[in-house]
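Report on the following structure.
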Amino acid sequence: MSETIDLSKLSLGPRPGSTKTYEPGRLHPTLRVPFRTVALHPSSGEAPLTLYDTSGPYTDPNALIDIAKGLARPRDVWVDARKDAQIVAPSALAHGGAMGAVSGKVPAFAQRAPVRRARAGSASLTQLGYARRGIITPEMEYVAIRENMRRTAAQASPRDGEDFGASIPDQVTPEFVRDEVARGRAIIPANINHGELEPMIIGRNFLVKVNANIGNSAVSSSVAEEVEKLVWAIRWGADTVMDLSTGRDIHQTREWILRNAPVPIGTVPLYQALEKVGGIAEDLTWEVYRDT
């Protein structure tokens with residue numbers, strides 16, 4: 001790992017021929033749901049094409065990107081407004097500071113993100129829990145707006161093909177999203193501690209999603225290069241990213257990725273937990289694994 005954080009390594013700015021646009025929410029007017037608008041050739045006589053956009057603020061020319069500070073955390077406001085979570089003091093976190101082997105070459109992420117967990121006696125604070133209680137969250141409206149990409153224009157087109165049992169409505173509403181999640185037919189991967197997330201949904205009655213795998217290099221890799229792998233993946237349409245990094249500096253590297261990720265990040269906690277106990281499997285306890 002290199003000690004230098006070279007911001008010039010990041011792929012920033014709009015994709016060619018594309019413009020970043022946003023759509024507000026109705027139930028939650030402060031929502032800003034991103035889309036990629038592609039200008040077609042004038043000879044086509046067609047209006048600009050609106051596409052689903054996974055690239056986060058990295059393709060917004062008006063966004064100020066500083067990976068040392070991380071992305072904005074709009075979901076923190078949503079989570080706190082529900083009053084089901086509380087911020088945990090660092091001293092209350094077991095094994096605080098025991099982050100596994102470090103080389104000293106990967107700087108710790110300076111902006112320590114607050115850690116939230118469920119309040120004692122509160123109901124489930126997952127999207128599934130809210131859905132089954134009949135609550136439409138900002139996350140649910142957000143994904144409904146994303147999924148409706150070009151849905152109005154598509155209604156005028158002839159329909160053919162086999163639906164194989166799918167039940168996709170003409171318009172994806174927040175209530176439809178809530179119902180699909182409540183039935184267990186779809187999931188919104190939205191950890192309460194991932195405030196930077198732009199919510200998305202996975203389910204048979206929704207758009208197909210694509211995952212990208214990334215991982216640190218055993219030969220040469222820097223913090224900026226690890227974040228660039230994330231940025232490059234979502235720039236070209238990855239809806240989720242799986243971080244398969246192993247070895248030393250895994251916690252520090254992963255924190256840099258998480259704090260700069262607008263998409264869900266999957267991990268292998270066992271790798272990280274083993275690093276906390278020096279790679280000795282016999283020393284691994286449930287408490288260490290739980291707090292990883």
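The values are calculated or read from the model by the stated rules, or taken from the named source; none is laboratory data. The structure displayed is predicted, hence computed values, not measured ones. We place every Cβ from the backbone using ideal geometry, glycine too, and count neighbours over all the protein chains shown.
Out of curiosity, is Gly203 under 30 Å from Asp170 (Cα atoms) and either at pLDDT 90 or above or of a type in the set (Lys, Arg) (or both)? So Gly203 passes the test.
Looking across region 182-198, the residues that are over 27 Å from Pro114 (Cα atoms) and among the aliphatic types (A, V, I, L, M) come down to Ala182, Ala186.
The sole residue among Ala261, Ala190, Ala186 that is in contact with a Pro (Cβ under 7 Å, 6 or more places away or on another chain) and either modelled with pLDDT under 85 or among the hydrophobic types (A, V, I, L, M, F, W, C) (or both) is Ala190.
Take region 191-217 and flag every residue that is within 15 Å of Asp243 (Cα to Cα), surrounded by 17 or more Cβ atoms within 10 Å (Cβ to Cβ) and out of contact with any strand residue (DSSP E or B) (no Cβ under 8 Å at 6 or more places or on another chain). Asn216 - this is the single residue of region 191-217 that is within 15 Å of Asp243 (Cα to Cα), surrounded by 17 or more Cβ atoms within 10 Å (Cβ to Cβ) and out of contact with any strand residue (DSSP E or B) (no Cβ under 8 Å at 6 or more places or on another chain).
Residues that are among the charged types (D, E, K, R), touching a Phe, Trp or Tyr at 6+ places or on another chain (Cβ under 6 Å) and under 19 Å from Arg112 (Cα atoms) number at least 1 in the following helices (runs of 4 or more DSSP H) confined to region 199-292: 250-259. Scan region 41-72 residue by residue and report those that are more than 19 Å from His194 (Cβ to Cβ) and touching a strand residue (DSSP E or B) at 6+ places or on another chain (Cβ under 6 Å). Selection gives Pro48, Leu49, Thr50, Leu51, Thr59, Asp60. Looking only at region 9-32, residues that are out of contact with any Ser or Thr (no Cβ under 7 Å at 6 or more places or on another chain), of a type outside the set (Lys, Arg) and not in a strand (DSSP E or B) come to 11 in all.
Here's the yes/no breakdown for (1) among the charged types (D, E, K, R); (2) exposed (fewer than 15 other Cβ atoms within 10 Å of the Cβ):
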| position | (1), (2) |
| --- | --- |
| Pro14 | no, no |
| Ser18 | no, no |
| Arg26 | yes, yes |
| Thr30 | no, yes |
| Val33 | no, no |
| Leu40 | no, yes |
| Thr50 | no, no |
| Asp53 | yes, no |
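Residues in region 69-90 that are modelled with pLDDT of 90 or more and hydrophobic (A, V, I, L, M, F, W, C): Leu71, Ala72, Val77, Trp78, Val79, Ala81, Ala85, Ile87. For Pro264, the criteria (1) within 19 Å of Val210 (Cα to Cα); (2) touching a residue at least 60 places away in the same chain (Cβ under 8 Å); (3) more than 12 Å from the chain's Cα centre (by Cα) hold in every case but one, which is (3).
Determine, yes or no, whether Pro169 is at pLDDT 95 or above and either in contact with a Pro (Cβ under 8 Å, 6 or more places away or on another chain) or under 26 Å from Arg36 (Cα atoms) (or both). Taking the combined requirement at face value, the residue does not satisfy it.
Of everything in region 91-144 that is among the charged types (D, E, K, R), surrounded by 18 or more Cβ atoms within 10 Å (Cβ to Cβ) and in contact with a strand residue (DSSP E or B) (Cβ under 9 Å, 6 or more places away or on another chain), the residue that is modelled with the highest pLDDT is Glu141.
Just checking, does region 256-269 include any residue being among the aromatic types (Phe, Trp, Tyr), surrounded by 15 or more Cβ atoms within 10 Å (Cβ to Cβ) and farther than 30 Å from Gln171 by Cβ?
yes
The number of residues in region 277-292 that are under 25 Å from the mean Cα position of the chain (by Cα) and at pLDDT 85 or above comes to 2.
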